[in-house]
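Structure first, commentary second.
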Amino acid sequence: MSPIGKLHAACVDRLTALFSHYAGQSAIVRVQNPIQLPDYSQPQPDVALLRPRADYYAQSLPVPADVFLVVEVAETSLKSDRTVKVPLYARASIPEVWLVDLKNEVVEVYVLPKEGKYQVSRKARRGETLVVREIPGLSIQVDEILG
């Protein structure tokens, strides 16, 4: 795995601050920590929004039913994030994935997993607003994510 670049790190830090601010008590913001998938893998998404739990998942790792949103940030890993991680999340029925493409300044949004694939995907660009489907009222502008 390549080392994390400065643009990637800055974007993850921005997302962490934004989600912490906007989500408030609606979600736990989990940064580069594992989630347990049914295939026994434990990916470590750059950011995940989880259902609140008093123990902050100290007793067990979050599973797909605990996940509102997964965000992967791609500075040099776009191809593998798109072809490996996004399908992995779809097979696990993670309800929503954002793939932040730093090079092209776009956020790919994947929703509605069914039979191992996301049924809907779109690209959001600067000037657009993204809404977290599982958390009513939580929206973030693409410009805020990209900086």
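The values are calculated or read from the model by the stated rules, or taken from the named source; none is laboratory data. What you see is a predicted model, and the numbers here were worked out from it, not measured in a lab. Because the Cβ atoms are built from the backbone with ideal geometry, glycine has one as well, and the counts that use them run over all protein chains shown.
Here are a few things to note about the model shown:
- Test result for residue 22, in contact with an Asp or Glu (Cβ under 8 Å, 6 or more places away or on another chain), among the hydroxyl-bearing types (Ser, Thr, Tyr) and touching a residue at least 24 places away in the same chain (Cβ under 8 Å): no
- In a residue-by-residue description of the range 77-93, the property of being of a type in the set (Gly, Ala, Ser) and in contact (Cβ under 8 Å) with a residue 40 or more places away in the chain applies to at least one position.
- Taken over the range 40-56, the residue count meeting the criterion of being under 14 Å from residue 28 (Cβ atoms), out of contact with any helix residue (DSSP H, G or I) (no Cβ under 7 Å at 6 or more places or on another chain) and either surrounded by fewer than 19 Cβ atoms within 10 Å (Cβ to Cβ) or of a type in the set (Asp, Glu) (or both) is 4.
- Pairs, first touching a residue at least 24 places away in the same chain (Cβ under 8 Å) and hydroxyl-bearing (Ser, Thr, Tyr) in the range 103-115, second part of a strand (DSSP E or B) and buried (at least 17 other Cβ atoms within 10 Å of the Cβ), C-beta under 6 Å, six or more apart: 110/97; 110/118
- Residue 95 being more than 24 Å from residue 20 (Cα to Cα), surrounded by 14 or more Cβ atoms within 10 Å (Cβ to Cβ) and modelled with pLDDT of 95 or more: no
- Any hit, the range 72-81, residues being among the polar types (S, T, N, Q), surrounded by fewer than 18 Cβ atoms within 10 Å (Cβ to Cβ) and at pLDDT 95 or above: no
- Test: residue in the range 2-19 that is in contact with a Phe, Trp or Tyr (Cβ under 8 Å, 6 or more places away or on another chain), of a type in the set (A, V, I, L, M), part of a helix (DSSP H, G or I) and under 22 Å from residue 134 (Cβ atoms): no
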